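Contents: one structure, followed by commentary.
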Amino acid sequence: MNATESFLRRDTGSHATSPLVQLRDVHLSFGANAVLNGIDVDVRRGEAVTIIGPSGSGKSTILRCITGLLQPQRGQIRVGDTAVESLRGEDEFIALRKRVGFVFQQYNLFPHLTVLENLVLAPTRVIGRQRADAEREAQALLARVRLSEKASAYPGELSGGQQQRVAIARALAMQPELILFDEVTSALDPETVGEVLTVIRELVEDGMTCVLVTHEMRFAAEISDQIYFTEAGRIVEHGPPAQIFGKPQHERTRAFLRRALGAIPRLPAEFDAAFTPAPSLLPADGVSAP
């Protein structure tokens, strides 16, 4: 499937199923600092939802609320039939995190364990999978992220892009219903960004439910079913990529995209048949991304 086919397939309308993830009127503050101010988000099974916005706008905080790493002072969060905001005991949080994979900006691999051991540890200890089965599945996942030859290597022997692909494989080893990606390319050398995005793109094309926080605008336009633009802890605007990039409704969205697209003179040529970014979003010379 080429990029145009992928974009057109993912922009033909929302999935008919009820949301796997729902956030309703979510508020979270740290002391006097209000980080989230009434967040509403829906993610349906099989969708890729991308959250964009300036630094400090609450994007990563939304992901941490979905997985229970942060608990809001007000609002409702549902993952399937689980009310995340009501979870209290450690066993309840562990049950949720078996269903929700999280890939962080920093790889968080265990440096003293081999790549294979990093993938096998949680399935065997947390969900009781047989060692032989866990190893077989780990080898298959390493093949999927194109790292079969690195099974016996240690994280310190890998490049940043390779470590991030191992982190993705480790999240998949728990067989989650949903994976959250938090700026997974921001710490990488530009030459290794593409190899990580390729793995995520393939997961999306295979129907994995994903929520991503990213500054990669081209990638967001290509793979997303819905895009949410955040500002100061609020959802300013959301919709399919053709709307957000082609006909944004809010001036703040237009201003952000003018800056964000400054480092990307135009969206990939494959998208020309699908939509053309609004003229007001085309960057002026010398404008850089935030």
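For this structure, a couple of remarks:
- Check on residue 221, crowded, with 18+ Cβ neighbours inside 10 Å, modelled with pLDDT under 90 and either under 20 Å from residue 66 (Cβ atoms) or of a type in the set (Gly, Ala, Ser) (or both): no
- Residue in the range 124-141 that is touching a Ser or Thr at 6+ places or on another chain (Cβ under 9 Å), within 18 Å of residue 175 (Cβ to Cβ), touching a residue at least 24 places away in the same chain (Cβ under 8 Å) and not small (Gly, Ala, Ser) present: no
- In the range 224-237, residue surrounded by the most Cβ atoms within 10 Å (Cβ to Cβ) [restricted to those that are more than 12 Å from residue 62 (Cα to Cα) and β-branched (Val, Ile, Thr)]: 227
- Selected residue (only one of 127, 179 is aliphatic (A, V, I, L, M), within 26 Å of residue 78 (Cβ to Cβ) and crowded, with 20+ Cβ neighbours inside 10 Å): 179
- Among residues of the range 233-248 that are without any contact (Cβ under 8 Å) to a residue 40 or more places away in the chain and over 15 Å from residue 213 (Cα atoms), those with a beta-carbon under 9 Å from a residue that is of a type in the set (D, E, K, R) and assigned to a loop (DSSP other than H, G, I, E, B) at least six positions away or on a different chain give the pairs 239/247.
- Total residues in the range 1-34 satisfying the condition of being small (Gly, Ala, Ser) and modelled with pLDDT under 70: the figure is 5.
- Qualifying residue in the range 74-84 (condition: part of a helix (DSSP H, G or I), free of Cβ contacts under 8 Å to residues at least 60 places away in the same chain and closer than 21 Å to residue 213 by Cα): yes
- Near pairs, Cβ below 6 angstrom, 6+ apart or cross-chain, from the range 53-66 (outside any helix (DSSP H, G or I)) to any residue that is among the hydrophobic types (A, V, I, L, M, F, W, C): 53/229; 58/35; 58/36
- Test: residue 29 is touching a residue at least 12 places away in the same chain (Cβ under 8 Å) and not in a loop (DSSP other than H, G, I, E, B): yes
The values are calculated or read from the model by the stated rules, or taken from the named source; none is laboratory data. Since we're looking at a predicted model, the values are computed, not measured. Don't worry about glycine lacking a Cβ; one is built from the backbone with ideal geometry, like all the others, and counts go over all protein chains shown.
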